[in-house]
Amino acid sequence: MSGSSYSRPSFGGSFGSGEVSKIDNCLTIRMTTSVVSPDMSFFGSLSVGTILLMDLSQGIVVILNHSGQSVGSINPTRIEELMKCMEENKFQATITELNGAYIQVLVQHA
């Protein structure tokens, strides 16, 4: 009897629900942030609504155009959570504002 009581909490409770909530958290991430050090050579090809790719490079979240060239990087307040989720999930950055050298993006699961 004690064996069955022991196995339910250790296998069905905390482990299963922890994995599900980790996945759910990654799928529901949505944050607005600005692009740091944008590459001005791409400004002619960018517009509000453009969807950009995201990648991790040496501990930095890099924003890429569809040719794989770096447009800049981001450093949102929840950077650690985002980077952890990016290890197993794809994310995208949609341009929501473009004003001179200022680019604001909406980051979310792709």
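Please treat every number below as a calculation from the coordinates, not as lab data. Computed from a predicted model, the values in this text were never measured in an experiment. No Cβ is skipped: glycine too gets one built from the backbone with ideal geometry, and neighbour counts run over all protein chains shown.
See the values below:
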item	result
Dipole magnitude of region 29-109, debye to nearest 20 (Cβ charges: Lys/Arg +1, Asp/Glu -1, about Cα centre)	120
Over region 29-109: Kirkwood hydrodynamic radius from C-alpha pairwise inverse distances, Å	12.4
Residue-count net charge about Ala110 - beta-carbon cut-off 15 Å; Lys, Arg +1, Asp, Glu -1	-1
For Val62, net neighbour charge (Lys/Arg +1, Asp/Glu -1) across residues whose Cβ lies under 13 Å away	-2
Filtered trypsin sites (Lys or Arg not before Pro), region 23-110: DSSP coil and at most 16 other beta carbons within 10 Å	Arg78, Lys90
